[in-house]
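Only one structure is covered here, and it is reproduced in the block below.
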Amino acid sequence: MSIILLVEQVLNGLQFGVMLFLMAAGLTLIFGVMGLINLAHGSLYMIGAFAAAATAAATGSFVLALMASLVAAAAAGALVELTVIRRLYDRDHLDQVLATFALILIFSEGTRWIFGSFPLFLEVPDYLSGSVTLPGGIEYPRYRLTIIMIGLAIAAGLFALIAKTRLGIQIRAGESDREMIGALGVNIARLYTLVFALGAALAGFAGALIGAIQSVQVGMGEPVLILAFVVIVIGGIGSIKGALVGAILVGLTDTLGGFLLPHLFATFMDASAAMSVGSALAAMSIYILMAGVLLVRPTGLFGGK
Amino acid sequence: MRRETLLNVAVLLGLLVVPLWAWASDAPFIITLATKVVILAIAGIGLNLALGLGGLVSLGHAAFFGVGGYAMGILASHAQSYTPLMEWPLLIEGTKSMPVIWLLAAVTGALAALVIGALSLRTTGVYFIMITLAFGQMFYYFAISWPAYGGEDGLPIYVRNGFPGLDTLDPIQYFALCFGVMCLVLLFVARLAASAFGLALSGARQNAERVQAVGLVPYRLYLVAFTLSGAITGLSGALYADLNRFVSPTMFSWQMSGEIMIFVILGGVGRLFGPVVGATLFIVLEHLLGGISEFWHIYLGALLLIVVLFARGGLIGLLAGREVAHD
């Protein structure tokens, strides 16, 4: 095991983490402002990926594909918010879970109906393929490095949005007292639609970026959704900072666990047994991390109360 | 007799008559469908204990369903290959005997629920939902990456396990067995709901502070309910694995958790027979709509959306009126 390999794995973990952040940030905003648990967030991720793959196939432009993912996911998000989600704000969590689970079924099967069951592929454009040499002679794929940069830039933009803009002030006010900002003349219905569409756009964008690394297929969103839930449980609901820290922790734990644990067990077991025990434990590592955080701080690292 | 009781009797009779009719007219496929309904209903009854009585929205019950399934798969696969499960510190052999397998499936389901519950019940509300979902997914990934019992490909069991005095490979006999188990489980849950524990749990769901003020600890009530719930769902997992003679990681999938919850909701949360009605409706829909279109999940989704938005209380709520006996 060389140091170069380790650095590569750390970067992979970081890349995974920033993508999880894009998912978790939207979820946690939606929960914080509207008090809604949205299982269909993974569907928006999938919609972004499919929109990007379809656009790239039609136009050949990766930039257009990314823009299409933003627009399609935001539009789908706004549509769903206007038709279904807004009836759920006053309901209990059970109703929210069921209705958004129903939305997953509709979105997944609808996508399968339109695009078929076979995965689509989104090509990384020439100017982003290949690898770059980092200081220390480490070769790393240019595309993954770009994803890390984009993810960190979006995180910075999101922090600025929340801290500095009028919309951000309304979001923060909405998190602490929904009725009051309505009484102060903020159009709450419009704010909710806006926040939901913003969260949806972030998820769709993440789907498109990841779609170029993995394949674009029905059901790609839900495993990421569940990891984003783990991120939120670790970071604390409603906290963007918590989502960022949680996402990077989960990204690193998952990637490094899968890489280091088999090596660790190989030091005192034979290789094949170490591989199977190590990989089985690695599959559980982020959940063990979550359980650990729950034991120490049940409301998450940055959660209130 | 109240309308709901009347409805319950009708459902039970219907579930008994249809397979008997299928048996008489030699349609084993219908009997297998009915067996599936009964087994999935047991899984739903397990969840309903936590969800309906305790108000615990668990989206991770597939974990217990799968643990029960794998308890059966592991025991039967060792019996099948005549290798002991473990030799040290004491010799444990596999088994093909259903009563033993059921017991172990229920116990492992309960243990899994005890551990998951002890952790997740430290939180409430939306945290609880996300955490149970995440732990369910943990079992899923563990089952996929653990190669000893089939990993991603699953584990086939070639001959259905045995029950003393019955030929379990005969569809109608296996149905009767599962039906009997379901009736026992229903009886158990009905007695539990009416017991002092059930009343306290129901109270904790409605107002945890008040229950605490009387000197009870809601956390313990919830944990006991969650553990029992896991045991029942684990038992149904073993039955389900025996029905298919196959265990695979999909038993652990989040879709499975969602489906178990759908059984409860379609029938009616907190109603004793809710999961039975819901599972029946689900399997009938799957069979009918699945025949019309391979994209039948769209219709299921639309139906579920309508039930949640407009018909709270599920089918039993629609048919038997809004009042629930214990509220």
Counting only residues 5 or more places away or on other chains, whose amide H sits under 5 Å from the amide H of A:LEU134 once H atoms are built in the peptide plane? A:GLU139, A:TYR140
What are the ³J(HN,Hα) couplings of the stretch B:202-214, residue after residue, when phi is run through the Karplus curve with 6.51, -1.76, 1.60 and θ = phi - 60°? Round to Hz, x for glycine and proline. 4, x, 5, 5, 6, 7, 5, 4, 5, 4, 5, 5, 7
With the full set of protein chains in place, find how many percent of the accessible area of the protein assembly as shown is carbon and sulfur; take the probe as 1.4 Å. 69 percent
If amide H atoms are modeled at 1.01 Å from N in the peptide plane, then the residues at a separation of 5 or more from B:VAL247, or on another chain, having amide H under 5 Å from its own are B:LEU155, B:ILE157
Picking from A:VAL124, A:ALA99, A:ALA274, whose Cα lies most toward the positive end of the charge dipole for chain A (charges on Cβ: Lys, Arg +1; Asp, Glu -1)? A:ALA99
Quickly estimate the mean residue ellipticity at 222 nm for the protein assembly as shown, helices only: each DSSP H run with n ≥ 4 gives -39500 (n - 2.57), and the total goes over all residues, rounded to 500. -25000 deg cm²/dmol
To the nearest 20 debye, chain B has a Cα-centred charge dipole, built from +1 on Lys and Arg Cβ and -1 on Asp and Glu Cβ, of 920 debye
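Rg to Rh for the stretch B:3-320: what is it, with Cα atoms only and Rh by Kirkwood?
Details: Rg = 19.3 Å, Rh = 20.0 Å.
Taking Rg over the Kirkwood Rh, I get 0.97.
At 1.4 Å probe radius, can you tell me the per residue accessible area of the stretch A:3-221 in Å²?
Heavy-atom accessible area per residue stands at 41 Å².
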Leaving out ligands, DNA and RNA, calculate the buried accessible area for the pair A and B with a 1.4 Å probe, summed over both sides, in Å² to the nearest 100. 4100 Å²
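In square angstrom, what is the accessible area per residue of the stretch B:3-320 with a 1.4 angstrom probe? Write down the numbers at each step before the final one.
On the way: 12850 Å² over 318 residues.
Ligands and nucleic acids excluded, the result is 40 Å² per residue.
Please list the helices of chain A that count as membrane-span-like by this rule: a mean Kyte-Doolittle hydropathy of at least 0.0 together with Cα atoms stretching 30 Å or more along the helix axis, each helix being a complete DSSP H run.
Taking the DSSP H segments of chain A (at least 30 Å long, mean hydropathy at least 0.0), we get A:3-34, A:62-83, A:93-115, A:142-164, A:188-211, A:240-266, A:271-296.
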Among A:GLY300, A:THR111, A:ASN12, which residue has its Cα furthest toward the positive end of the charge dipole of chain A, with +1 on Lys/Arg Cβ and -1 on Asp/Glu Cβ? A:GLY300
With only Lys, Arg, Asp and Glu charged, each at its Cβ (+1 for the first two, -1 for the last two), find how big the charge dipole of the stretch A:3-221 is about the Cα centre; round to the nearest 20 debye. 340 debye
Tell me, what HN-Hα J-couplings in whole Hz come from the Karplus equation 6.51 cos²θ - 1.76 cosθ + 1.60 at θ = phi - 60° for each residue of the stretch B:254-262, using x for Gly and Pro? 5, 4, 4, 4, x, 5, 4, 5, 4
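Using Cα-Cα distances under 8 Å and only pairs 6 or more residues apart, what relative contact order does chain A have, in percent? Kindly include the intermediate steps, with their values, before the conclusion.
Details: 468 pairs, mean separation 104.0, N = 305.
It rounds to 34 percent for chain A.
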Note down the Stokes-Einstein diffusion coefficient of the stretch B:29-132 in µm²/s, whole number, using a Kirkwood radius over alpha carbon pairs, 4 °C, and 1.567 mPa s. 84 µm²/s
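For the stretch A:163-214, with only Lys/Arg (+1) and Asp/Glu (-1) charged at the beta-carbon, what is the dipole magnitude about the Cα centre, in debye rounded to 20?
Values: 5 positive and 3 negative charges, 35 e Å.
Here the stretch A:163-214 has a charge dipole of around 160 debye.
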Among B:SER97, B:SER248, B:SER202, which one shows the highest mean-square fluctuation when chain B is modelled as a Gaussian network with alpha-carbon springs under 10 Å? B:SER97
State, in angstrom, two size descriptors of the stretch B:217-273 derived from its alpha carbons: Rg to one decimal place and Dmax to the nearest whole number. 13.5, 42
When the accessible area of each residue in the stretch B:298-314 is compared between its chain alone and the complete protein assembly (1.4 Å probe; ligands, DNA and RNA ignored), which residues differ by at least 20 Å², being lower in the assembly? B:ILE298, B:GLY301, B:LEU304, B:LEU305, B:VAL308, B:LEU309, B:ARG312
Mind checking which of B:ALA302, B:ALA113, B:ALA62 has the largest fluctuation in a GNM of chain B, springs on alpha carbons under 10 Å? B:ALA302
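The values are calculated or read from the model by the stated rules, or taken from the named source; none is laboratory data. Quantities reported herein were computed from a predicted structural model and do not represent experimental measurements. Ideal geometry is used to build each Cβ from the backbone, glycine not excepted, and the neighbour counts take in all protein chains shown. Accessible surface is based on the protein model in full, side chains and every heavy atom, while ligands, DNA and RNA are left aside. Shrake-Rupley method; radii C 1.70, N 1.55, O 1.52, S 1.80 Å.
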